[in-house]
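The values are calculated or read from the model by the stated rules, or taken from the named source; none is laboratory data. This one's a predicted model, so the numbers in the text were calculated from it and none came from an experiment. Cβ placement follows ideal geometry from the backbone for every residue including glycine, while neighbour counts extend to all protein chains displayed. Ligands, DNA and RNA are stripped out before the accessible areas are found, and what is left, the full protein with its side chains, is counted by its heavy atoms. Shrake-Rupley method; radii C 1.70, N 1.55, O 1.52, S 1.80 Å.
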Amino acid sequence: MEPFDREGSADRPRSEAKQSGRVIVIGPYLRMRRGDADAQANEAVRDSEARLDEAAGLARAIDLTIADALIAPISQIRPATYLGKGKVEEITGLIAGHNIELVVMDCALSPIQQRNLEKAWNTKVLDRTGLILEIFGRRAKTKEGALQVELAHLNYQRSRLVRSWTHLERQRGGFGFMGGPGETQIEADRRLIGDRITRLENELKKVQATRRLHRAGRQRVPYRVVALVGYTNAGKSTLFNRLTRADVQAADMLFATLDPTLRALSLPHGGKAMLSDTVGFISNLPTQLVAAFRATLEEVLEADIILHVRDISHEDAEAQERDVDAVLRQLGIDPGSGGRILEVWNKIDRFDPEERENLRNIAARRPPERPCFLVSATSGEGINELLSAIEERLAATRTTLDLSIDASDGAGISWLHRNAEVLNKELHDGRFDMTVRVDETKRDIVVARFDAVPRVA
C-alpha cells in the first residue's frame, strides 16, 4: 500500500490503482463446515464462482488487466496473512510467472495482513474495500460525491499507514543528543489526514444543510418522492431513463453511475412524483462508504415509496436481495415493514415465455405486504403496470376532496395548485368545481378554507 502522498498530502490520498497493469484476482472464501448454520445462511447461497466473477468485474471497472482469477478456499482466517502459508507460497509462484503488478483480494484485509502479503509477494495488494473505494473515486462527478468518496478513502487510508518510517524522522525530542526520536513521517501523515478529514466533514455538513433546504422546498410542492435502490448493475439507471425519459448513463458495468439524480415522474392519471436514482449496493459494502454516503442516501430515507430493483435473471438474485436488505437495515429501513417497498423484478426479457409465466406465478404467490412487478427496463414490458401500482400506492395515503371556488379567487386557486394535486377543474357559472388530492397533513386546512368535502367513491 502506498503511503499517504506528501506531495500535496493535505489534499487527497494517493490512488492505489492508477496503472492499468496486470492483475490477479483471488477469492479467499471460507469452506462451510457442518453445523455452521449462520455462515451457511449468509454465504453458502452465494456461489463462489459468481463471487469471483463479481470481484473480477470490480477490477475491470477501473480498467485493470486481469491476468488470472482463482478461488483460494480456506478453512480459517490466518491473523497474519489471511491465507495459509502454503497458499501464500503457491500464489508467489503465480505472481512471478505472470509478471503481476497488483493482487486483488476479494475480502477485507487488516492493515497487518495487507502489509505481510505485500512483503511476501513483493507487489501491491488491494482488498475489496480498497477496490470499491477506487471505483467510487473514479465515478464521483459532483462535488458532494467527490467529498464523500475522499472522506471514506481517508478514513480507510489512515489505518493503513503501517510501514516503518524511522529513516524519515523530522526532528528529535528533548534537549541535546539524549532526546528521543521526534515526530516520524507516519505520525505527520496521520496528523495531515486527520486535519483533512475534519475539513471534509465540515464541508459535508454544509452540503447536508443545502440538501435539507432542497428537500424542504420539494415538500412544499405536492410532489411525492419515489427512490430506486438495488444491487449494482441491476438496471436501476436504465429503468430510471425508461420511467422519466431521461438520459442518465446506463451501462453493463458495476457502479456505472454513482451520483444521485432526481427527475419528474409522470403518473398515468396526470399526477406527478419525483424519482430518485441512487448509488447501487453490493455485498460487503464498505462501512466507510455507507457512513460517507448517508447524506446522499437520505433521499431513500425520506422517500414515500422505495422501488427495490432486482436483476431477476442473475444466478445470485436471492443473495443480492439479502445484501440490499442488509444495507437498508443499516440505514434504518425495515425491508419487511410492508407498504413502502415495491420489488421490481427487472430483465425479464432474458427469459423465454414459459419461464416468464413461471415467474408471474411465483410473483402472484408473494405476500401482499411485499408485492413485486415483472418488468423489462430495456423493452418497456410491465412498465405501465408498475406506474399504476406506484400511483395507487401514493394515492392510498392521500385524501380526495371535492370543492367549489369562485373563479375570481386567484390566490386560493394558486394555493391549491401549489399544495394539492388537482385531479379535475371545470368552470360553471363563474365558479371552478375542483377535485383535488391532498396529504393528510393538509386535509383539514383545505376542508376549513374551501368548504371541501370528501369524494364519495
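Consider region 417-438 and keep the residues that are touching a residue at least 24 places away in the same chain (Cβ under 8 Å) and among the polar types (S, T, N, Q). The one that is farthest from Leu403 (Cα to Cα) is Asn419.
This table checks each residue for (1) over 30 Å from Thr278 (Cα atoms); (2) open to solvent by less than 50 Å² (accessible area, probe 1.4 Å).
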position	(1), (2)
Ala96	yes, no
Leu102	yes, yes
Asp106	no, yes
Glu118	yes, yes
Lys124	yes, no
Ile135	no, yes
Lys143	no, no
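Within region 146-164, the set of residues being among the polar types (S, T, N, Q), at pLDDT 80 or above and buried (at least 21 other Cβ atoms within 10 Å of the Cβ) comprises just one member, Gln157. Taking the conditions exactly as written (assigned to a strand (DSSP E or B), at pLDDT 90 or above and open to solvent by less than 40 Å² (accessible area, probe 1.4 Å)), does Ile66 satisfy them or not? In short, no. Do we find that Glu385 is closer than 30 Å to Glu355 by Cβ and modelled with pLDDT under 90 in this structure? Spelling it out, it is not the case that Glu385 is closer than 30 Å to Glu355 by Cβ and modelled with pLDDT under 90.
The single condition among (1) open to solvent by less than 70 Å² (accessible area, probe 1.4 Å); (2) in a helix (DSSP H, G or I) that Ile333 does not meet is (2). From the list Val221, Val226, Val248, the lone residue that is modelled with pLDDT of 65 or more and β-branched (Val, Ile, Thr) is Val226. I'd like to know if region 343-351 contains one or more residues that are in a helix (DSSP H, G or I) and over 30 Å from Tyr223 (Cβ atoms). Yes: one or more hits. Checked against (1) modelled with pLDDT under 70; (2) under 30 Å from Ile312 (Cβ atoms), Glu183 passes all but condition (2). Which of the residues that make up region 399-448 are in contact with a helix residue (DSSP H, G or I) (Cβ under 7 Å, 6 or more places away or on another chain) and of a type in the set (Phe, Trp, Tyr)? Selection gives Phe432 alone. Cβ separations smaller than 8 Å between residues 6+ apart or across chains give the following pairs from region 353-372 residues that are surrounded by 13 or more Cβ atoms within 10 Å (Cβ to Cβ) and at pLDDT 90 or above to residues that are hydrophobic (A, V, I, L, M, F, W, C) and part of a helix (DSSP H, G or I): Arg356/Ile348; Leu359/Ile348; Cys372/Ala363. Cβ-Cβ distances below 7 Å connect the following pairs, each with a first residue in region 98-122 that is under 20 Å from Ile135 (Cα atoms), a second residue that is open to solvent by 70 Å² or more (accessible area, probe 1.4 Å) and outside any loop (DSSP other than H, G, I, E, B), and a separation of six or more residues or different chains: Glu101/Arg22.
Tallying residues that are part of a loop (DSSP other than H, G, I, E, B) and more than 18 Å from Tyr29 (Cβ to Cβ) within region 80-115 yields 4. In region 344-352, the condition of being surrounded by 20 or more Cβ atoms within 10 Å (Cβ to Cβ), polar (S, T, N, Q) and touching a His at 6+ places or on another chain (Cβ under 9 Å) is met by no residue.
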